[in-house]
1. Around SER146, under 14 Å between beta carbons, what's the net of Lys plus Arg minus Asp minus Glu among the other residues?
2. With a cut-off of 8 Å between alpha carbons and a minimum separation of six or more residues, what is the relative contact order of region 151-288 in percent?
3. Once ligands and nucleic acids are excluded and a 1.4 Å probe is used, how much of PHE225 is accessible, expressed in Å² to the nearest 10?
4. For region 86-237, count the residues as N, evaluate 2.2 N^0.38 Å, and divide the Cα radius of gyration by that value, please.
5. Tell me which residues come under 5 Å, amide H to amide H, from VAL30 once H is placed; ignore anything under 5 positions away on its chain.
6. So how exposed is GLU254, as accessible area in Å² (1.4 Å probe, rounded to 10)?
7. If VAL126, VAL261 are ordered by their accessible area, calculated over protein heavy atoms with a 1.4 Å probe, which sequence runs from highest to lowest?
8. What trypsin sites (Lys or Arg not before Pro) does region 235-340 have in DSSP loop regions with at most 14 other beta carbons within 10 Å?
Amino acid sequence: MSRRIAVLTAGVVLLVLFGLLGTTLPVPYVAQVPGPTFNTLGDLDGKPIISIEGRQRNDVEGNLNLTTVGVSRGGLSLVQAVRGWFDDEVSVVPEEAVYPPDRSEQDTRRANRKAFLTSEQAAESVALGRLGYPEKVVVQGVSDDSPSKGKLQEGDAVEAVDGVPTPDTDALNAVLGSIPGGSAVTVSYTRLGEPGTASVTTGAAKDRGGSLLGITVLEAPYAPFDVDIQVKDVGGPSAGLMLTLGILDLVGNEDLTGGAVIAGTGTIGTDGTVGPIGGIPLKMVAARNIGAKLFLVPAGNCAEAAAAPDPGFPLAKVATLDDALKALSDFRDGRTPAGC
């Protein structure tokens, strides 16, 4: 065998070896891809994503889709990572950017889910506040060992304790602080717009004295109906804006979509501000795949969205809920919304 043939043979063997290694050798990266979208006005697994108890939902058409990003499970191979870097519909990012090294994957998913549930709460509060419902002390939870178990429910507005009005949490804490633990008190509440009372034997507040009802409460806009949001397996706070718009469309006085497919993303603050999120180019791809006619982009993501490949629909720049509602109004009336 000549030296030239030997060198060529060795080269081929090395190329094959490197090719095989490239398909199996893991690298510390994960792939992000366009995730599923969810129409906040529609159903999921046969049940409304946003259900309303205590009043009839508006009969609406069109879509207000929240968009998501999917993440590959486990590390990528070297070949998969290289392919992803050249694919406009894949984002290859360091694994630690998605799954922090000081936290297990399960803990990360749990934290993301908690952030989503917090965004649900913010969306409901902002939407009901926008519709003009007054703030009250609203029950957020009742523990299993609570003296109020079976008497008060999540969503109740606590109006008074032993006849003393409780318009805010300071007033509720003050009246409970003046009552010894173990006392029987009458709690006046409103549930789905109907007044009621409950007799509760309080627990003792050991840290500050006085009584406990065994409930968690929040000052929030209260409506005579209950809003429940059900979207499984979605994490993070980026659905806040679209959930807010979904609630407004279902219980407000205005048709927000005009029957069109609208998609978007963005966090929602309690003051109505819309915050930036991650994965905006991938979410635009997801919106394109469902035939969206308009995409609501947080102002903080506009530069990144404008630099992405043209999705085939206008991008509306929104920094607040008011901006989002103005963009939808412009779109319905045939005007071009303020874009990125």
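The values are calculated or read from the model by the stated rules, or taken from the named source; none is laboratory data. This structure is a prediction, so every number in the text was calculated from the model and none was measured. Note that each Cβ is placed from the backbone with ideal geometry, even for glycine, and that neighbours are counted across all protein chains shown. SASA here: full protein model, heavy atoms, side chains in, ligands and nucleic acids out. Shrake-Rupley method; radii C 1.70, N 1.55, O 1.52, S 1.80 Å.
1. Numbers: positive: LYS149, LYS151; negative: ASP144, ASP145, GLU154, ASP156.
Spelling it out: positives minus negatives among the neighbours equals -2.
2. Working: 180 pairs, mean separation 22.3, N = 138.
For region 151-288, the relative contact order is 16 percent.
3. Its heavy atoms expose roughly 20 Å² to the probe.
4. Working: Rg = 20.0 Å, N = 152, 2.2 N^0.38 = 14.8 Å.
That ratio works out to 1.34.
5. Those qualifying (amide H under 5 Å, at least 5 residues apart or on another chain) are VAL93, GLU95.
6. For GLU254, solvent-accessible area is about 100 Å².
7. On the way: VAL126 15, VAL261 35 Å².
So the residues, ranked largest to smallest area, are VAL261, VAL126.
8. Values: sites: LYS283, ARG288, LYS293, LYS317, LYS326, ARG332, ARG335; in loops: LYS293, ARG335.
For trypsin sites (Lys or Arg not before Pro) across region 235-340 that sit outside H, G, I, E and B with at most 14 neighbouring Cβ atoms in 10 Å, the list reads ARG335.
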